[in-house]
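**Student:** There's a structure below that I have some questions on.
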Amino acid sequence: MLRVLWTAFVGLLLAMTLASCAQGVMASGVAVASADDPEVSRLIEEYRLGVADKVRVTVFGEAALTGEFLVGGNGKISLPLIGETQASGLTISEFQAEVAEALRNGFITEPRVSAEVLNYRPFYILGEVNSPGEYPYTNSLTVLNAVATAGGFTYRADNRRVYIKRADADAEAEYPLTTATRVAPGDTIRIRERLF
C-alpha cells in the first residue's frame, strides 16, 4: 500500500513539473509565455506617426511656424511655408529632421524644430467585451486597461489570450492576456469567446 501511494505521489510530482515546463506552449503550437516571463509583454517598437495623429510642431524663434497639426488621410501634415510634409510612417525624431530640412531649403538658415504627439490615433476593441468600439489611446495602455475602457469582459470571454492586429499588419497575432500585454495606437484588439 505504501509503495502504491509513493508511486502515485512521484507520478503527481512529475506531472506537475511537466505541466509547469509546458506552461509556455499552447495546444495550437503558438508559444505563450507565463505571466512571470519578461517576454510576456508585447514589444512595441518606437512609435511611428499615422493618419489622425495630432502633432504639435514648434520652430524656436518662429511663432508663425509653430502650431498643432493633424496627420491627414494622405499621411502628410500641411505646415506654413513648406506646405505638405510626409509624417505617416516616421518617428517623431525623423519627422523633426524632415521639417528642419524643408525649412533649411530656402527659408531658415538653422531651424530648431521640436515635435510631440498630442493625440494618438484611436485603438479598436471587438469581440467579447461589453461595449466594443473605437476608443482614444493613452500612453502605456495595456489590453486589460483597454478591456476596462470597453466595459469589461462578457461572461463568455476567453480571458487567457487576446488577438491583436497592428494598424500596418495584414494579420492579427495571438498574445497571452496578462497585465503586461501592451496596446499600440491604431491596434485592433479581439477578445474571443471561450471554447468551454
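**Student:** All but one of (1) touching a residue at least 60 places away in the same chain (Cβ under 8 Å); (2) part of a strand (DSSP E or B) hold for SER114; state the number of the condition that does not hold.
**Tutor:** (1) is the only condition that SER114 fails.
**Student:** Looking at the range 48-69, which of its residues are over 24 Å from TYR137 (Cβ atoms) and either of a type in the set (A, V, I, L, M) or touching a strand residue (DSSP E or B) at 6+ places or on another chain (Cβ under 6 Å) (or both)?
**Tutor:** Let us first name the residues in the range 48-69 that are over 24 Å from TYR137 (Cβ atoms), namely 59-66.
Within the range 48-69, VAL59, ALA63, ALA64, LEU65, THR66 meet the criteria.
**Student:** Right, next: Evaluate the range 54-66: report whether one residue or more is crowded, with 16+ Cβ neighbours inside 10 Å, modelled with pLDDT of 90 or more and in contact with a helix residue (DSSP H, G or I) (Cβ under 6 Å, 6 or more places away or on another chain).
**Tutor:** The answer is yes, given that some residue of the range 54-66 is crowded, with 16+ Cβ neighbours inside 10 Å, modelled with pLDDT of 90 or more and in contact with a helix residue (DSSP H, G or I) (Cβ under 6 Å, 6 or more places away or on another chain).
**Student:** Next up: Out of ALA150, ALA171, ALA167, ALA146, which single residue is modelled with pLDDT under 90 and either surrounded by fewer than 15 Cβ atoms within 10 Å (Cβ to Cβ) or of a type outside the set (S, T, N, Q) (or both)? Steps first, please.
**Tutor:** Values: ALA150 fails: modelled with pLDDT under 90; ALA171 fails: modelled with pLDDT under 90; ALA146 fails: modelled with pLDDT under 90.
From the options ALA150, ALA171, ALA167, ALA146, the qualifying one is ALA167.
**Student:** Looking at the range 134-170, which of its residues are closer than 30 Å to VAL57 by Cα and not polar (S, T, N, Q)?
**Tutor:** Within the range 134-170, GLU134, TYR135, PRO136, TYR137, LEU141, ALA146, LYS165, ARG166, ALA167, ASP168, ALA169 qualify.
The values are calculated or read from the model by the stated rules, or taken from the named source; none is laboratory data. Values in this document were obtained by computation on a predicted structure and should not be read as measured data. No Cβ is skipped: glycine too gets one built from the backbone with ideal geometry, and neighbour counts run over all protein chains shown.
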